[in-house]
Every structure is written in C-alpha cells, then in structure tokens.
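Here is the structure we will look at, set down as structure tokens.
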Amino acid sequence: FGLSEAEARTASPEAYQRVLDRVRPERQQNPRKAYRDRWWLFGEARAGMRHAVSGLSRFVVTARTAKFRVFQFVEGRSLVDSNVIAVATEDAAVLGVLSSRVHLSWALAAGATLEDRPHYTPTTTFAPFPFPPQPLFEQARIRGAGECLDRHRKAQQAKHADLTITGMYNVLDKVRGGETLTE
C-alpha cells in the first residue's frame, strides 16, 4: 500500500516476484481499470479504512453477507476485503453492543438480504444504529461481556482446529432449537 510498482519491486523483491507471477496475469484480464493498472496492490487501497485502523492492536469485523451476524476482533495488522465490514475500534464494549440481541434484531430489520442470507451495510445498518448512551458501570459490564465472548470463541477454535465461526454458530443454532448434537 502506498508504493509505486518500482518501489514495491525494490522494497520486497521476493514478494514482488510472487505477485508478478500469480496476481498480475489475472489482473490483466480484470475489467476494472484500477485493478489492471495497479495490479501489485491488494484490492482497493481503502486508505480511509487503513488510516482508521492504523495503530490499533485489533478491530471489529463482520461479514457483509452471512447466515449468522457475527462480530469479532481481528488483529490490527489484518487486511480485510470488500466483503467484510470493518469497525475501527479495539473497544470490547462496542463488540458487546454490536453482538447484542438489540443490534442483531436491528441489523435484520434495517439490512437487506442476499438470497436467504442477511446483508449488512454500513450506511443502512451500522451508521443509523442508535448506540445507547451508557453509564460507566454499564460500559464496563458490556466491555467485560464482549471480552468474554471473544475469548470463548477463540478458545473453542484453539481446541478444535477445524472449527469455523459459522460452524460454531451452527452448533449454537441446533442447541437453541433443541436438536440432539452428534460428534
């Protein structure tokens, strides 16, 4: 990000060669001029998002379209693509509010759908959401719940190497529906 083609080649010749060999041939066929002309860059530069998350150790993300509306932390050095909505905060209180039943209900009502899956958009779902003002003790409680949720999901994924977030929520959906779980 931010490097010309020559600067990228000079700064990281091995990475440049890999991108030249694997990315450039596909990008030369891309109908978007920006992708064809700036083939060595990862997707769109998204300078605003990069600036917003710069310096954060982590930030909140959710898939734009998904069976389950899940908000989670990713490492601050992560790059997200256009199918992921990024919220530039490392505050678990925001993760807690976004993961709440109130916000999830809001997201289903305010968002759209793609086929049979809810679609989350920043302009119609996130921006107009009336984040509730909370006294400090409530913020601390919600922050604690957000941290606990994040730790629990990461611990489950560490115990089960092939467990995805969707897989985890499929299990939760079955438990809530009273279904018997198999191995």
How many residues of region 144-169 are touching a residue at least 12 places away in the same chain (Cβ under 8 Å) and either over 17 Å from the mean Cα position of the chain (by Cα) or in a loop (DSSP other than H, G, I, E, B) (or both)? The answer is 3
For Asp173, indicate whether it is in a helix (DSSP H, G or I), surrounded by 11 or more Cβ atoms within 10 Å (Cβ to Cβ) and touching a strand residue (DSSP E or B) at 6+ places or on another chain (Cβ under 7 Å). no
Among the residues of region 116-144, write down those that are closer than 21 Å to Tyr169 by Cα and open to solvent by 60 Å² or more (accessible area, probe 1.4 Å). Asp116, Arg117
Tell me, which residue of region 100-109 that is exposed (fewer than 15 other Cβ atoms within 10 Å of the Cβ) and small (Gly, Ala, Ser) is nearest to Val61 (Cα to Cα)? Ser105
In this structure, is Ile142 under 25 Å from Leu108 (Cα atoms) and touching a Ser or Thr at 6+ places or on another chain (Cβ under 9 Å)? yes
Segments classed as strands (runs of 3 or more DSSP E), wholly inside region 57-97, with at least 2 members that are surrounded by fewer than 17 Cβ atoms within 10 Å (Cβ to Cβ): 72-75
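The values are calculated or read from the model by the stated rules, or taken from the named source; none is laboratory data. All values reported here derive from a predicted model rather than from experimental measurement. We place every Cβ from the backbone using ideal geometry, glycine too, and count neighbours over all the protein chains shown. The area values use the complete protein model at the heavy-atom level, side chains included, leaving out ligands, DNA and RNA. Shrake-Rupley method; radii C 1.70, N 1.55, O 1.52, S 1.80 Å.
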